[in-house]
Amino acid sequence: MAVMEKAYLGGGCFWCTEASFQNLKGVSSVVSGYMGGSIKNPCYREICTGNTGHAEVVEIDFDPEVISFETLLEIFWTVHDPTTLNQQGADKGTQYRSVVFYTSEMQKEKTMESIKDVASTLWENPIVTEVSPAEVFYKAEENHQNYFNNNGFKGYCRIVIEPKVSKVRQKFKHLLKQD
């Protein structure tokens, strides 16, 4: 039995981030939620105020023998803009910040290396991604889970999420689970 690891990544709207990682080999689950704030058990309505300090993040359970943390980071840098502070597209506020919540010193070191060696080669402007120790993860409400797969017909999904998922399917085709 493989020893699974967790990664906590915030790349703006968690619907986009979740959909980008769901179909990768070695990823057993992706859960949308909140991390990094000041109140316990926050709800979406509270997060949206931008006053709780939480970021929308995904909790990724992955097998590091199948997909490395470094590869997850490369995909992360590819599907969101780590150069915009507290914003992804039209989504603005600290809840949409670019953030890696690391679970070990190794993840912290790999994140710092990846910012320097990968993210900075993909983006012209300086990387503003927050790198912080993982805190308590709060799972988002059920209607936020598996959002793209359940709502792909909606405008936001087609206009905002689909291009990110398509980018993963094209650039990382070799990492996709076979249907």
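Here are the numbers:
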| item | result |
| --- | --- |
| Long-range tail of P(r) for the chain (Cα pairs > 22 Å, %) | 39 |
| Contour minus Cα-Cα distance for E162 and S132 (0.36 nm per residue) | 7.9 nm |
| Cβ-based charge dipole, the chain, positive-most Cα from S120, H80, F69 | H80 |
| Straight-distance crosslink candidates among aspartates and glutamates, where the alpha carbon sits under 18 Å from K92 and sequence neighbours closer than 8 are dropped | E46, E56, D81, E130 |
| Trypsin sites (Lys or Arg not before Pro) restricted to DSSP loop in region 1-94 with at most 10 other C-beta within 10 Å | K40 |
| Principal axes of region 89-179: Cα extent on each, largest first, Å | 39, 31, 30 |
| The chain, helix-only ellipticity at 222 nm - DSSP H runs n ≥ 4, -39,500 (n - 2.57), divided by all residues, nearest 500 | -7000 deg cm²/dmol |
| Sorted by Cβ density within 10 Å, fewest first, the residues F148, F137 | F137, F148 |
| Per-residue Cβ neighbour rank within 10 angstrom, fewest leading, S32, S98, S166 | S166, S32, S98 |
| Calculated on alpha-carbon atoms, Rg and Dmax of region 1-59 in Å | 12.8, 42 |
| Cα-based reach from K173 at 17 Å (exclusive), listing lysines while leaving out same-chain residues under 8 positions away | K25, K164 |
| Spatial separation of Cα centroids for region 1-15 and region 55-69, in angstrom | 4 |
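All of the numbers you see were taken from the coordinates with simple rules; none came from a lab. None of the values given here were measured: they were computed from a predicted structure. When we count neighbours, we look across all protein chains shown, and the Cβ atoms used for this are built from the backbone with ideal geometry, even at glycine.
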